[in-house]
Amino acid sequence: MSFALRTLVSSISLALVSLAASAAEPIKIGVDGPFTGGSSSMGVSMRDGVRMATDEINKAGGVLGRQIQLVERDDEAKNERGVQIAQELIDKEHVVALVGYINTGVALASERFFQDAKIPVMNNVATGSLITHQFDDQPENYVFRNAAADAIQAPMIVDEAVVRRGFKKVAILADSTNYGQLGRADLQKALAAKGIKPVAEEKFNIKDVDMTPQLLKAKEAGAEAILTYGIGPELAQIANGMTKLGWKVPMIGSWTLSMANFIDNAGPGGEGARMPQTFIQEPTTPRRQSFIVSYLKTFAPKNNRMDSPVSAAQGYDSVYLLAAAIKQAGSTDGPKIKAALEDLKTPVEGVVTTYSKPFSARDHEAITANIPVFGEVKGQRVVYAYEADAKKASEVRMKDAAAKASTVVAAKK
Amino acid sequence: MQILTQLVFSGIALGMIYAVIAFGYQLTFQTSDTLNFGQGEALMLGALVGLTLVATFGMNYWLCIPIVCAFGALQGVVVERIGVRPAIKIKSEFGWIMSTIALGIIFKNVAENVWGRDDLKFPSPLPEAPLHLLGANVLPMELLVVFGALALMLAVEFFNRRTIWGKAVVATFNDREAAKLMGINTGRVITFSYALSSLTAAFAGMLIAPLTLTGATMGAVLGLKAFAVAIIGGLTSGLGVVVGGLILGIAETSTGYYISTGYKDVPGLVLLLIVLAYKPAGLFGKTAIKKV
């Protein structure tokens with residue numbers, strides 16, 4: 001072999017080796033959520049759902065012949081931690097996409113880094129309405145969501161309280177975080193649309209142990225129901241406070257009333273609380289059944305009850321949505337994944353729904369108003385609040401962008 | 001009137017929670033001029049140890065209290081030995097601040113790993129149905145907190161005034177150097193006061209856990225508010241912390257109702273600023289003349 005030929009052969013083989021290495025290199029996806037503190041039941045359930053979906057995809061051969069590797073980070077529900085993590089994931093870990101965000105405040109603070117780096121974010125739990133509209137003034141938006149936005153939940157809550165159950169005097173109790181205060185604004189808007197002004201509007205802080213003044217104000221104003229926007233531990237203190245005052249009116253609120261730390265800490269006081277849910281832990285379709293069975297087997301939660309079924313299901317679906325987009329894009333390039341998400345050719349069968357064309361260039365919300373149902377705390381679990389919803393649960397509710405007033409229609413039937 | 005009664009009752013219950021923690025600050029300050037900034041964490045550890053005994057080992061709530069107190073005392077000794085004694089030895093003015101904060105963070109992290117990060121429910125030893133008192137509702141647990149805290153503080157005050165050990169504590173408070181010359185082992189007295197202080201906190205944790213939620217982060221906010229109470233009432237007065245606690249508790253609940261729940265923490269802290277400006281030793285504190 002001549003020297004020239006030898007160099008050629010060796011350089012080709014070297015190139016082949018490096019090509020093989022890049023093909024086998026895992027696809028890094030960032031996972032960000034609060035795995036500690038008051039929001040952790042959502043964060044950990046979300047992470048577990050994400051892990052499960054990733055495992056399944058990897059066992060089936062991965063995406064583009066490459067395995068998915070998760071880079072998990074705990075943001076402790078703190079905005080500043082979220083910002084640090086975003087920078088670390090982008091600059092140091094070079095993730096191709098991010099799934100997660102439980103807390104609206106953290107999402108709003110962190111997402112601009114991904115927007116600037118042109119890396120897609122699949123927001124799978126945080127519900128603040130602003131989240132997918134933060135970059136409306138820019139030509140491209142890299143933030144997608146497969147959770148029910150507050151703009152959907154707040155009208156649902158108001159419909160449930162005012163239309164279905166006929167309460168005319170309602171009080172709003174919301175925590176002082178971004179989540180609570182943006183949610184309160186959404187509730188006010190939804191109430192105003194019905195021509196109702198809340199009789200009391202009260203705030204509380206995270207870790208508050210006494211809700212007496214807030215509840216007394218609502219009680220004195222003659223509230224017939226309490227609409228809540230907060231997270232598990234403080235919601236439980238509201239329920240406990242009502243027990244203490246010997247005053248019990250229905251609690252209707254955002255989906256966080258399904259959190260395990262609300263149900264456990266409120267005990268009997270929490271029974272009957274109602275909230276919009278995209279997923280209820282019931283094996284209503286084969287897909288949901290296999291999801292529940294393998295979740296319970298893998299993570300063995302207490303009493304076979306998922307800490308936050310909604311977070312787990314949405315976390316699980318978010319990975320499948322992203323994997324489908326990466327596959328379609330044939331690349332891990334941010335703008336290409338984003339373009340694929342906005343025009344997904346094949347439907348993705350998830351746990352919450354079957355995502356057929358979930359996103360478009362203008363619409364980054366996979367969940368529409370017709371998808372969530374009302375859940376109720378009953379016997380320390382979240383069940384369907386309405387018989388009719390439970391019966392029809394096996395019909396997968398598909399995205400319908402026109403569905404704005406579906407709950408009202410359902411109520412009239 | 002009924003509303004006001006309800007607010008005052010809730011304020012008293014809340015205030016006594018703050019007071020009993022603030023009492024712990026006061027105990028160590030008396031002997032060593034130092035504070036355990038991990039007081040909130042001592043409370044949290046007491047509550048979580050109690051929860052483990054009650055929920056996991058199925059022990060009776062009342063029987064757990066002495067065990068939790070013993071645990072608290074031990075924890076206080078650890079804090080003093082590791083965090084405070086070295087600082088006192090080298091006469092460092094501020095070393096103990098950082099070291100007690102550091103120990104507090106370490107305890108919190110340990111608790112997060114042992115007990116998890118979620119808030120847990122502490123089964124209530126008393127019925128959870130409210131009692132009616134003067135037209136207002138009170139939980140039996142709240143009464144227990146108020147009377148338990150008072151009983152504990154009275155016991156400690158009695159101890160300080162009537163027993164020889166207590167007299168050693170008071171002597172150390174009055175003049176550490178003179179007490180040393182009189183043959184009092186002031187080092188041991190300081191250790192003892194830390195043990196007593198953490199014992200108080202652990203006991204408080206056990207008392208309030210059924211009312212609040214129990215978890216690794218429960219101590220942080222309470223510890224901070226109790227510190228404000230200790231400043232308002234005076235770091236040298238047992239009576240002061242009780243009054244300070246009641247003021248802050250009632251201010252919080254009634255501001256929340258009459259002004260706005262968004263501002264409920266403000267009056268207490270404004271009071272803190274006023275007290276610091278006009279009576280830096282606290283409402284009931286003795287103004288110490290520091291000779292330099």
Open item on the list: Need one word for segment B:101-236: rounded, prolate or oblate. Basis is the Cα gyration tensor (sqrt eigenvalues a ≥ b ≥ c); a/c below 1.5 gives rounded, then a/b vs b/c decides.
Closed with: oblate
- [ ] Using only C-alpha positions, report the orientation-averaged shadow area of the convex hull of segment A:212-341, nm², one decimal.
- [x] 10.8
Open item on the list: Testing the spin-label approximation: label points 7 Å from Cα along Cα→Cβ at A:Lys345 and A:Glu56. State their distance in nm.
Closed with: 2.3
TODO: Take every DSSP beta bridge with both residues inside chain A and express the antiparallel ones as a percent of the total, to the nearest 5.
DONE: 25
Open item on the list: For chain A, what does the helix formula give at 222 nm: sum of -39500 (n - 2.57) over DSSP H segments with n ≥ 4, over the residue count, nearest 500 deg cm²/dmol?
Closed with: -13500 deg cm²/dmol
Task: Most mobile of B:Thr34, B:Thr200, B:Thr52 in a GNM of chain B (Cα contacts under 10 Å) - done: B:Thr52
Task: Shielding by other protein chains, A:209-222, mean Cβ within 10 Å - done: 6
Open item on the list: Need one word for the protein assembly as shown: rounded, prolate or oblate. Basis is the Cα gyration tensor (sqrt eigenvalues a ≥ b ≥ c); a/c below 1.5 gives rounded, then a/b vs b/c decides.
Closed with: oblate
- [ ] Enter the angle in degrees (range 0 to 90, nearest 10) between the Cα long axis of helix A:309-329 and the first principal axis of the Cα atoms of chain A, meaning the one along which they spread out most.
- [x] 30
- [ ] Within 10 Å of each Cβ in peptide A:30-40, how many partner chain Cβ atoms are there on average? Round it to a whole number, please.
- [x] 3
TODO: Using packing as a proxy for protection, rank A:335-347, B:203-215, A:172-184 so that the peptide with the highest average count of other Cβ atoms within 10 Å comes first.
DONE: B:203-215, A:172-184, A:335-347
Task: Among beta bridges that DSSP assigns inside the protein assembly as shown, antiparallel share in %, nearest 5 - done: 30
Task: Among A:Asp32, A:Asp264, A:Asp150, residue whose mean-square fluctuation peaks in a GNM of chain A (springs only between Cα atoms under 10 Å) - done: A:Asp264
Task: Whole-angstrom gap from segment B:222-290 to segment B:134-190, using each part's C-alpha centre - done: 20
Task: Inter-chain Cβ neighbour average for residues B:256-264, partner chain, 10 Å - done: 6
Task: Of A:Lys207/A:Lys302; A:Lys207/A:Lys244; A:Lys219/A:Lys378; A:Lys59/A:Lys92; A:Lys118/A:Lys302, those spanning more than 29 Å from alpha-carbon to alpha-carbon - done: A:Lys118/A:Lys302
Open item on the list: Give me the net charge for the shell around B:Ala87: Cβ to Cβ below 15 angstrom, other residues only, Lys and Arg +1, Asp and Glu -1.
Closed with: +2
Open item on the list: Could you compute the net charge surrounding A:Asp150? Neighbours are other residues with a C-beta less than 12 Å from the C-beta of A:Asp150; K and R count +1, D and E count -1.
Closed with: +1
Task: 14 Å beta-carbon shell around A:Leu187, net charge (K/R +1, D/E -1) - done: -2
TODO: Using only Cα atoms, find the angle between the long axis of helix B:238-258 and the longest principal axis of chain B, and express it within 0 to 90 degrees, rounded to the nearest 10.
DONE: 30
Open item on the list: Pick from A:Asn240, A:Asn124, A:Asn58 the residue whose mean-square fluctuation is largest in a GNM of chain A, springs joining Cα atoms under 10 Å.
Closed with: A:Asn58
- [ ] Note the angle between two axes, namely the Cα long axis of helix B:2-32 and the longest principal axis of the Cα atoms of chain B, as a number of degrees from 0 to 90, rounded to the nearest 10.
- [x] 20
- [ ] Cross-chain or 8 or more residues apart, Cα under 26 Å: how many lysine pairs in segment B:2-227 fit that? Count them up, please.
- [x] 8
Open item on the list: Multiplying the sequence separation of A:Lys378 and A:Arg287 by 0.36 nm and subtracting their Cα-Cα distance, what value in nm do you get?
Closed with: 30.3 nm
Task: All-pairs alpha carbon distance profile, segment B:2-227, 5 Å steps from 0, percent - done: 1, 7, 14, 19, 18, 15, 11, 7, 4, 2, 1, 0
Task: Modelled label reach - A:His133, point 7 Å along Cα→Cβ, segment A:349-389 residues with backbone N closer than 16 Å - done: A:362-369
Open item on the list: Ranking request for peptides A:246-255, B:120-129: highest mean number of other beta-carbon atoms within 10 Å first, then the rest in descending order.
Closed with: A:246-255, B:120-129
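Read-outs: derived from the displayed coordinates by stated rules, not from any lab. All figures in this text were calculated on a predicted structure; none of them were measured in a lab. Note that we place each Cβ from the backbone using ideal geometry, even for glycine, and neighbour counts take in every protein chain shown.
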